[in-house]
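**Q** Here you go, one structure.
The values are calculated or read from the model by the stated rules, or taken from the named source; none is laboratory data. Only a predicted model underlies this, so the values are computations on that prediction, with no experimental measurement involved. Here the Cβ positions follow ideal geometry from the backbone for every residue, glycine too, while neighbour counts run over all protein chains shown. Side chains included, ligands, DNA and RNA excluded: accessible areas come from the protein's heavy atoms. Shrake-Rupley method; radii C 1.70, N 1.55, O 1.52, S 1.80 Å.
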Amino acid sequence: MARQIHARRVEGVDKNVWVEFTQLAADYKAVNLGQGFPDFSPPKFVQEAFCAAVMGGPQMHQYTRAFGHPHLVKSLATFFTRIVGHEINPLDDILVTVGAYQALFCAFQSLVDEGDEVIIVEPFFDCYQPMVRMAGGKPVYVPLRPRSEDKMVSSSADWVLSTEELASKINPRTKAIVINTPNNPLGKVSLLQELLSAAAHNAASQEKQVGHVP
Ligand SMILES: Cc1ncc(COP(=O)(O)O)c(C=O)c1O
């Protein structure tokens, strides 16, 4: 039998919703709301800064520092230190990536070992599941549920994360919990209480795991 060319880790992750829906939208001439097609240009000052950088001479066309250009990481550290409320070191704590996909891919590759479980809150942005699988992990799902079964869901805030349900999925193999806030596709912004409770359950489980290490 001919040797399979592609690695086993990509089996089952060769399809995605973007390819399928883009094709369907083209076939049926539908308005494609699936991906952003901005109908405005970036502001003039951004365009001018971009042109100035491109024209800035050969030093602007070199490999940059792999973790992010020093000017950029310093600005990001200043900005995010204010937001998160603790000191961020520009050279140690920041990695600049090409979009969220690369950041997520690097995060899963560096955190997830073969057999680790990663909890993903449903509904979720489609790339989490294949990225966890490619890292050798097992996705475990926890759905957001309507706040009340009797009432209609009228806003994204009506979808809630049950902390009991989340806790029931955490075990010694759990390596990470993926929480996307604001959530794509629902737009739900996680409540501080939901985040604190997820962090507390995870911390409790980590402690247990450390306790289990022989
Ligand atoms: C929740 C979520 N994760 C990841 C991505 C991918 O982001 P990027 O295009 O920056 O790689 C998107 C893009 O819309 C997103 O909404």
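**Q** Under 9 Å between Cβ atoms, which residue pairs at least 6 apart in sequence (or on different chains) link something in region 1-18 that is open to solvent by 100 Å² or more (accessible area, probe 1.4 Å) with a partner that is of a type in the set (A, V, I, L, M, F, W, C) and at pLDDT 85 or above?
**A** R9/M134; R9/A135
**Q** Taking the conditions exactly as written (more than 16 Å from K169 (Cβ to Cβ), more than 11 Å from the ligand (Cβ to nearest atom) and among the charged types (D, E, K, R)), does E122 satisfy them or not? First the steps, then the outcome.
**A** Working: more than 16 Å from K169 (Cβ to Cβ): no; more than 11 Å from the ligand (Cβ to nearest atom): yes; among the charged types (D, E, K, R): yes.
The answer is no for E122.
**Q** Identify, from the list A198, A135, A157, the residue that is of a type in the set (A, V, I, L, M, F, W, C), farther than 30 Å from H6 by Cα and in contact with a Lys or Arg (Cβ under 9 Å, 6 or more places away or on another chain).
**A** It is A157.
**Q** Right, another one. Mind checking which residues of region 2-31 are within 16 Å of the ligand (Cβ to nearest atom) and not in a helix (DSSP H, G or I)? Outline the logic, then answer.
**A** Taking region 2-31 as the starting set, the residues that turn out to be within 16 Å of the ligand (Cβ to nearest atom) are 13, 16-19, 21-22.
The answer is V13, N16.
**Q** Which condition number in (1) in a loop (DSSP other than H, G, I, E, B); (2) open to solvent by 90 Å² or more (accessible area, probe 1.4 Å); (3) not hydrophobic (A, V, I, L, M, F, W, C) is the one that G56 fails?
**A** Of everything listed in (1) in a loop (DSSP other than H, G, I, E, B); (2) open to solvent by 90 Å² or more (accessible area, probe 1.4 Å); (3) not hydrophobic (A, V, I, L, M, F, W, C), G56 misses just condition (2).
**Q** Now, a different point. Please identify the pairs in which a residue from region 89-104 that is within 20 Å of V132 (Cβ to Cβ) has its Cβ atom under 6 Å from the Cβ atom of a residue that is more than 8 Å from the ligand (Cβ to nearest atom) and open to solvent by 100 Å² or more (accessible area, probe 1.4 Å), counting only partners at least 6 apart or on another chain.
**A** L95/F67
**Q** Another question, if that's okay. Given (1) away from the ligand (no atom under 16 Å from the Cβ); (2) under 30 Å from A7 (Cβ atoms); (3) open to solvent by less than 50 Å² (accessible area, probe 1.4 Å), where does Y63 come up short, assuming only one miss?
**A** For Y63, the failing item is (3).
**Q** Given the conditions (1) under 29 Å from E114 (Cα atoms); (2) surrounded by 13 or more Cβ atoms within 10 Å (Cβ to Cβ), and given that S190 satisfies all but one, which numbered condition is not satisfied?
**A** (1)
**Q** Mind listing just one residue for me: the one in region 32-45 that is surrounded by 10 or more Cβ atoms within 10 Å (Cβ to Cβ) and either of a type outside the set (S, T, N, Q) or in a helix (DSSP H, G or I) (or both) and, of those, nearest to the chain's Cα centre (by Cα)?
**A** Here the residue is G34.
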